[in-house]
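The values are calculated or read from the model by the stated rules, or taken from the named source; none is laboratory data. None of these values were measured; they are calculated from a predicted model. Because the Cβ atoms are built from the backbone with ideal geometry, glycine has one as well, and the counts that use them run over all protein chains shown. We work out accessible area using only protein heavy atoms, side chains counted, and drop any ligands, DNA or RNA first. Shrake-Rupley method; radii C 1.70, N 1.55, O 1.52, S 1.80 Å.
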Amino acid sequence: MITFQELINLKTELFNSKKVKLVRHKDSRVEYREFIKNKASLIEYQKEQSKPVFNGVDYIIAFEGIEGTKAILFGFFKVGGVEIINNQYYYDLIELDICEDLIDRVVIDWGKATITWHQWFAKQIKEVVEILPKGYIGDFPGLTNFILDFQELEKLFKNSSANRIWQNHLSSVNGVYLILDKKTGNHYIGSAYGVNGIWGRWEYYSKSKHCGNVELEKLCNISDDYHLNFQFTILQSLPSNMSQKEVSDIETLYKLKFGSRAFGLNKN
């Protein structure tokens with residue numbers, strides 16, 4: 001067993017002889033993938049406190065609570081000044097560029113006293129229970145039980161070895177998928193069949209952004225980052241031995257159901 005304190009002391013001496021707190025934010029509704037997408041909001045959230053919990057503290061090491069008593073590391077912060085407004089404490093927390101290879105990867109056991117969300121680094125020994133692979137996007141929830149933002153799609157294909165279960169499932173099936181333009185609410189419905197199934201098709205999107213689809217390409221030409229509005233999900237998974245015509249017929253039915261030809265981004 002290695003403790004979190006031992007791991008950090010191997011990486012940096014910054015916290016030696018400093019007043020450092022560990023903090024654990026917990027939302028029982030948050031899953032790993034949602035956490036890594038909403039870190040900016042979490043960072044802002046921790047700056048506002050109802051009590052002076054960070055007064056006299058030099059640094060905080062912040063975690064997000066996940067299942068049970070586990071918590072995953074999301075950042076290191078220097079505590080600057082504090083402003084008091086209407087009995088609320090607003091801390092200037094400066095994120096540090098240290099131990100970046102550990103962020104979003106190190107999972108600790110916070111212990112039984114999870115109700116105590118801020119604890120002194122030097123006094124509370126935390127066991128490291130897992131170090132997640134670099135580029136991991138979370139557990140695979142099932143073929144029709146997830147939504148991927150474009151940033152997640154890119155991360156998935158850039159780190160396929162860390163997300164092998166995703167690759168195994170997505171490459172073994174054909175399917176009909178939906179791309180949502182979050183900015184306008186318009187849909188594009190497509191299908192994947194043949195070698196590597198949905199995985200092969202979506203890999204092309206991760207590289208090209210529009211996969212040669214006319215309306216998606218037009219949107220991508222609006223700005224260099226427009227593709228970040230695209231969100232991917234599977235409407236129906238289909239057997240890998242299903243013919244191209246059979247898959248296309250089911251795709252056509254979904255286009256009619258969603259009206260994606262008349263009102264969306266499909267032109268065929």
**Request:** With springs connecting C-alpha atoms under 10 Å apart, model the chain as a Gaussian network and identify which of Asn213, Asn87, Asn196 has the largest mean-square fluctuation.
**Result:** Asn87
**Asked** Carbon and sulfur: what percent of the chain's accessible surface (1.4 Å probe)?
**Response** 48
**Request:** Output the pairs from Lys11/Lys183; Lys78/Lys134; Lys78/Lys126; Lys18/Lys47 with a Cα-Cα distance over 31 Å in this structure; if there are none, say none.
**Result:** Lys11/Lys183
**Item:** Computed accessible area, Ser237, all protein chains, 1.4 angstrom probe, square angstrom
**Value:** 50
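To the nearest 20 Debye, how big is the dipole of region 58-151 about its Cα centre, given +1 on the beta carbon of each Lys and Arg and -1 on that of each Asp and Glu? List each step's numbers first, then the result.
Details: 7 positive and 15 negative charges, 71 e Å.
With only Lys, Arg, Asp and Glu charged at Cβ, the dipole is about 340 debye.
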**Message:** In Å², and per residue, what accessible area does region 85-166 have when probed at 1.4 Å with the other protein chains present?
**Reply:** 56
**Request:** List the residues whose amide H sits under 5 Å from the amide H of Asn186, counting only those 5 or more places along or on another chain, with H placed 1.01 Å from N in the peptide plane.
**Result:** Asp181
**Asked** If you plug each phi of region 59-75 into the Karplus form 6.51 cos²θ - 1.76 cosθ + 1.60 with θ = phi - 60°, what whole-Hz ³J(HN,Hα) values come out, in order, with x for Gly and Pro?
**Response** 9, 10, 10, 9, 10, 10, x, 10, 5, x, 9, 7, 8, 10, 5, 10, x
**Prompt:** In whole Å, what are the Cα extents of the chain along the three principal axes, biggest one first?
**Reply:** 68, 44, 29
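Mean separation of Cα pairs under 8 Å and 6+ residues apart, divided by the residue count of the chain: what relative contact order is that in percent? It would help to have the intermediate numbers written out before the result.
Working: 450 pairs, mean separation 42.9, N = 268.
Relative contact order here is 16 percent.
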**Request:** Averaging over all projection directions, find the projected area of the Cα convex hull of region 160-252 and quote it in nm² with one decimal place.
**Result:** 6.3
**Prompt:** Which far-off residues, 5 or more places away or on another chain, put their amide H under 5 Å from the one on Ser171, with H placed in the peptide plane?
**Reply:** Trp199
